[in-house]
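Enquirer: One structure, pasted below without further comment.
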Amino acid sequence: MIRGLYSAASALQVATEQQEVTAYNLANSTMPGYRERGLVFESFDRVLGRIDTPTGDIVGARTVQAYNDFRPGSIQETGNPYDLALAETDRFFVLTTPNGPVYTRNGSFHPDTNGQLVSQGGYVLQGQDGPITIPRDATNFNIASDGSITANGEPIGQIRVVRFANVSQLTAAGPTLYTAPASAGLQAAPARILTGRIEGSNVQPAETMVRMIIGSRYYDAAQRSLRAIADAIQLDTRPTQG
């Protein structure tokens with residue numbers, strides 16, 4: 001019975017974590033460049049099976065890994081000259097933060113008070129030779145499809161774009177920001193940049209709502225099982241009358 005109690009408790013924990021991730025995906029379903037997140041689970045029998053033959057005596061499940069689903073989102077036209085989308089699905093913009101570079105597919109940029117192109121969070125967009133600064137007197141600003149930028153007919157920079165040999169190594173540092181260890185295999189990469197467009201989230205709201213409903217049922221079932229087993233244990237431990 002104790003094994004059943006542990007199994008129900010671990011199922012409740014797994015269901016809770018899954019619901020949290022699903023809710024987070026749904027909340028960011030309209031965020032440009034957002035990539036859906038997911039969890040990988042495994043049973044404790046499987047963990048033990050790496051060493052010994054599973055016996056079935058130890059039951060339960062746990063979360064093993066969180067992952068990012070890097071399938072592309074749809075390209076949306078905005079007409080804003082500072083909105084940028086990457087045509088290649090495995091490329092990333094590079095932003096400068098106080099803690100180092102981060103990588104994003106969210107191409108919603110704007111000039112700050114210093115004329116530098118920055119993200120919605122205020123992080124500077126990296127060019128090949130440093131930040132890209134738009135002159136204050138610029139009357140003709142253009143970003144070409146190869147990422148080169150001109151103002152008043154003069155070149156002022158080239159947007160830096162990268163890719164990774166192992167994108168699964170990226171770690172989320174915000175809704176649309178990622179950090180990368182050396183093992184991710186950072187590479188400079190040419191890219192086709194679409195101006196006046198932005199890439200949307202790859203979350204499908206209808207499918208995500210269905211997963212949330214199913215997850216809620218799993219949670220309720222685990223909760224009922226836990227309560228029923230706990231009640232049975234209490235009955236077994238009551239002193240007998242007589």
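Enquirer: Going by the structure shown, is Val21 modelled with pLDDT of 75 or more, of a type in the set (Val, Ile, Thr) and under 26 Å from Phe92 (Cβ atoms)?
Expert: When the stated conditions are applied, Val21 passes them.
Enquirer: What number of residues in segment 162-178 are in a strand (DSSP E or B) and closer than 12 Å to Phe70 by Cβ?
Expert: 4
Enquirer: So which of Thr113, Thr139 is open to solvent by 70 Å² or more (accessible area, probe 1.4 Å), out of contact with any strand residue (DSSP E or B) (no Cβ under 9 Å at 6 or more places or on another chain) and farther than 14 Å from Gly196 by Cα?
Expert: Unique residue meeting the criteria: Thr113.
Enquirer: Another question, then. Residues that are among the hydroxyl-bearing types (Ser, Thr, Tyr): list the strands (runs of 3 or more DSSP E) wholly contained in segment 53-130 that include at least 1 such residues.
Expert: Where strands (runs of 3 or more DSSP E) fall fully within segment 53-130 and carry at least 1 residues being among the hydroxyl-bearing types (Ser, Thr, Tyr), they are 61-68, 92-97, 100-104, 117-119.
Enquirer: Just for segment 143-158: of the residues that are within 18 Å of Asn80 (Cβ to Cβ) and touching a residue at least 24 places away in the same chain (Cβ under 8 Å), which one is surrounded by the most Cβ atoms within 10 Å (Cβ to Cβ)?
Expert: Ile143
Enquirer: What number goes with the only condition from (1) at pLDDT below 95; (2) under 23 Å from Tyr34 (Cβ atoms); (3) of a type in the set (S, T, N, Q) that Thr150 does not pass?
Expert: Status for Thr150: all satisfied but (2).
The values are calculated or read from the model by the stated rules, or taken from the named source; none is laboratory data. Everything numeric in this text was worked out from a predicted model, so none of it was measured. Cβ coordinates were reconstructed from backbone atoms using ideal geometry, including for glycine residues, and neighbour counts include every protein chain displayed. Surface accessibility is based on the protein's heavy atoms, side chains included, excluding ligands, DNA and RNA. Shrake-Rupley method; radii C 1.70, N 1.55, O 1.52, S 1.80 Å.
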